[in-house]
1. Being of a type outside the set (Ser, Thr, Tyr), part of a loop (DSSP other than H, G, I, E, B) and in contact with a Pro (Cβ under 8 Å, 6 or more places away or on another chain) is the requirement here; does PRO185 meet it?
2. Restricting the search to region 49-102, which residues are among the β-branched types (Val, Ile, Thr) and farther than 30 Å from GLY175 by Cα?
3. (1) touching an Asp or Glu at 6+ places or on another chain (Cβ under 6 Å); (2) closer than 21 Å to ASN24 by Cα; (3) in a loop (DSSP other than H, G, I, E, B): which one isn't true of GLY112, the others all being true?
4. For ALA137, work out the one condition from (1) in contact with a strand residue (DSSP E or B) (Cβ under 8 Å, 6 or more places away or on another chain); (2) free of Cβ contacts under 8 Å to residues at least 60 places away in the same chain; (3) closer than 16 Å to ILE38 by Cα it doesn't fulfil.
5. Residue pairs, Cβ under 7 Å, 6 or more apart or interchain, first in region 60-73 and without any contact (Cβ under 8 Å) to a residue 60 or more places away in the chain and under 16 Å from THR141 (Cα atoms), second in a helix (DSSP H, G or I) and of a type outside the set (Ser, Thr, Tyr). List them.
Amino acid sequence: MKKLILAAITTACAASVFAQGSVNFSTRDAAGSSHVYIGGTSQIKGMGPADNPTGPTDYSNTRLIGTLPGGLPEAQHFFAQLLGAEGTGIPEASLVPSISPPTTFRTGAASGQVALNTATFNNITPGAASGTFEMVAWDNTSGLYPTWAQASSAWQTGLILGGRGNIFSLNSIGGGLSTPPSIEPFAQSFNVWIVPEPTTAALAGLGAAALLIFRRRK
């Protein structure tokens, strides 16, 4: 009897270790659609005229990922991934990448939208009541940044295009016998852009400070 109890406990512990919450990672379904754009001089977030539901966010100085002539290589070289954590209202700094590989983008009429994927998380319990999520995207044309941990540092130092979407919550997380919820219509569109080089930003800041001091002395 004791052996059976120990075996049951061992099995339960092993199952909990490998348990993974899951989310349907698609930016286009019956509930709505969102896109990722290239361009801009700062981070843009929000629904635009091309989205469903439509919104007022201006993406006129950008273009959708994968819309270049022969845009398939571009679509395949841009990566997207979900960051997440269990519970609602989790701060951005506490969200971690899914353990499933990043997905790529589509072309044609679906340009700017990710290739369908299921994002799984080892920090979210299957069937959890809720989770907090954020979509990120970046340019991995060089092949040097296959993970968000590597890409985020490169993006923040102005080496590659990158960006972060809005933070949103989902209920009834998938995994086990639970069906994964869709991120739409909760995820919103955003852009990937180049962060200005630190030296440029620093010079701009020093110039503004010097101008303010000069004005005060006059």
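Derivation of every value follows stated rules applied to the coordinates shown; laboratory data play no part. Not measured: the values here are computed from a predicted model. Note that each Cβ is placed from the backbone with ideal geometry, even for glycine, and that neighbours are counted across all protein chains shown.
1. Yes; evaluated as a whole, the condition is true for this residue.
2. Within region 49-102, THR54, THR57, THR62, ILE65, THR67 qualify.
3. Of (1) touching an Asp or Glu at 6+ places or on another chain (Cβ under 6 Å); (2) closer than 21 Å to ASN24 by Cα; (3) in a loop (DSSP other than H, G, I, E, B), only one is false for GLY112: (1).
4. Condition (2) is where ALA137 drops out.
5. GLY66/GLU74; GLY66/ALA75; LEU68/GLU74
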